[in-house]
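Encoded as structure tokens, the structure appears first; notes follow it.
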Amino acid sequence: MTSDQAEPTLPSSSLPPIKRDGLLALFRQMLLIRRVEELAARAYTQRKILGFCHLYIGQESVAVGAAAACIPEDHWVTGYREHGQAMAKGVSARALMAELYGKATGASHGLGGSMHIFDASVNFMGGYGIVGAHVPLAAGVAWGLKQRKTGGVAVCFFGDGAAHQGAFFEALCLAQLYSLPVVFICENNYYAMGTSIDRQSYLTDMSLRGRGVGMVHEQFQAFDVEVVRDRVGAAVEWARSGKGPVILEAVTYRFRGHSMSDPAKYRKEGELEQKKLTDPLLITEHRLRDTFAVTDAELEALRAGVDAEAEDAVQFAEESPIPDPSRLYDYIYAPNGS
């Protein structure tokens, strides 16, 4: 793109307006992610989950809205705050919780834990623990999808802190150069670990990182799952049509600390309470009530079902066997002859 060319912008998506049952399903998925994360927090304090544990509470609309905009052939790559994204892509609550517990029935057979959920059966290509290092992997996945002509798009989630890494910039350069079918989604939750966005970067709209390579970019408020569905829908349609990659910044907010060991004392007084007014679950519940006349009884039945599924996941994890130590290195090297 030369200096005299207008920057391309994303249109609205071609997705049809969401109906009552569809919005109920999205609300249920967000609520299930929230409940599973709350139970994971409880299990962590009981030392049933060990190591690191980064919760997705408050950001559920991003993963669920993105999933509603994607097709099964789309491949997701993400960082280590990936529990919600894994579930939105199709990893079951049981497989997710068992992996957190380090059990053989987990999504990664108990060998990955919280930061390394992986399930190729639903094209969830993993959470990765090194900040920003997974972004080039997403470009590689997109290259493969393009060469194989699968019609799939790579969707890469990362945080605002990852947008400062060198590997991130390199991935953007290559993705734009080769017009790869990839959508980069920066989940700007205001804090890179414990440093607020305005203290870590002069540029506070991370989507503008794409301007330097001529990439289509957009920032949007991501608290409403329907808005996320539309904007990610527009982005994946753009990438799927062969027009090239897109970078989005989804402005969101995490309600917990960076990890379970973070008390989040760096927040300004009253900030968390103010942000909870834009809780994605509240926004969607209000729309269900006001637009679709969903009743208290319907919502209570939905919540009861979610609670039962989440508690079942915990019971499943606790009763599952630990991995066989003899299989510790099964996924380190490819089998001979591969």
Tell me which residues, restricted to segment 283-330, are small (G, A, S) and closer than 24 Å to F27 by Cβ. A293, A297, A301, A304, G305, A308, A310, A313
Filter segment 238-258 for residues that are buried (at least 18 other Cβ atoms within 10 Å of the Cβ) and not in a strand (DSSP E or B) and give the result. W238, A239, R240, G244, P245, T252, Y253, R254, R256, G257, H258
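Only one residue in A175, A163, A138, A142 is in contact with a helix residue (DSSP H, G or I) (Cβ under 9 Å, 6 or more places away or on another chain) and modelled with pLDDT under 90. Which one? Steps first, answer last, please.
Working: A175 fails: modelled with pLDDT under 90; A138 fails: modelled with pLDDT under 90; A142 fails: modelled with pLDDT under 90.
Matching residue, one of A175, A163, A138, A142: A163.
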Exactly one of (1) of a type in the set (K, R); (2) touching a residue at least 60 places away in the same chain (Cβ under 8 Å); (3) touching a helix residue (DSSP H, G or I) at 6+ places or on another chain (Cβ under 9 Å) is unmet by R240. Its number? (3)
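Which helices (runs of 4 or more DSSP H) does segment 1-115 wholly contain that include 1 or more residues that are surrounded by fewer than 24 Cβ atoms within 10 Å (Cβ to Cβ)? Quick ask: steps written out before the conclusion?
On the way: elements: 20-45, 60-69, 83-89, 93-100.
Ranges flagged: 20-45, 60-69, 93-100.
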Of the residues that make up segment 161-182, is at least one closer than 20 Å to H134 by Cβ, assigned to a strand (DSSP E or B) and out of contact with any Lys or Arg (no Cβ under 7 Å at 6 or more places or on another chain)? yes
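Per-residue answers, yes or no, for (1) under 17 Å from the mean Cα position of the chain (by Cα); (2) in contact (Cβ under 8 Å) with a residue 12 or more places away in the chain:
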site	(1), (2)
L174	no, yes
V183	yes, yes
Y202	no, no
D224	yes, yes
Among (1) of a type outside the set (A, V, I, L, M); (2) closer than 20 Å to C186 by Cα; (3) in contact (Cβ under 8 Å) with a residue 12 or more places away in the chain, G140 falls short only on (3)
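Which is free of Cβ contacts under 8 Å to residues at least 60 places away in the same chain, in contact with a Gly (Cβ under 8 Å, 6 or more places away or on another chain), closer than 27 Å to L172 by Cα and of a type outside the set (F, W, Y), of A63, A86?
Exactly one of A63, A86 is free of Cβ contacts under 8 Å to residues at least 60 places away in the same chain, in contact with a Gly (Cβ under 8 Å, 6 or more places away or on another chain), closer than 27 Å to L172 by Cα and of a type outside the set (F, W, Y), namely A86.
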Among the residues of segment 1-55, which ones are modelled with pLDDT of 95 or more and β-branched (V, I, T)? I18, I33, V36, T45, I49
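For every residue, the table says whether it meets (1) in contact (Cβ under 8 Å) with a residue 40 or more places away in the chain; (2) outside any loop (DSSP other than H, G, I, E, B); (3) touching a Gly at 6+ places or on another chain (Cβ under 7 Å); (4) not basic (K, R).
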{"residue": "Q274", "(1), (2), (3), (4)": "no, yes, no, yes"}
{"residue": "T284", "(1), (2), (3), (4)": "yes, yes, no, yes"}
{"residue": "R287", "(1), (2), (3), (4)": "yes, yes, no, no"}
{"residue": "Y331", "(1), (2), (3), (4)": "yes, no, no, yes"}
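The values are calculated or read from the model by the stated rules, or taken from the named source; none is laboratory data. Remember, predicted model here, so these are calculated numbers, not experimental data. No Cβ is skipped: glycine too gets one built from the backbone with ideal geometry, and neighbour counts run over all protein chains shown.
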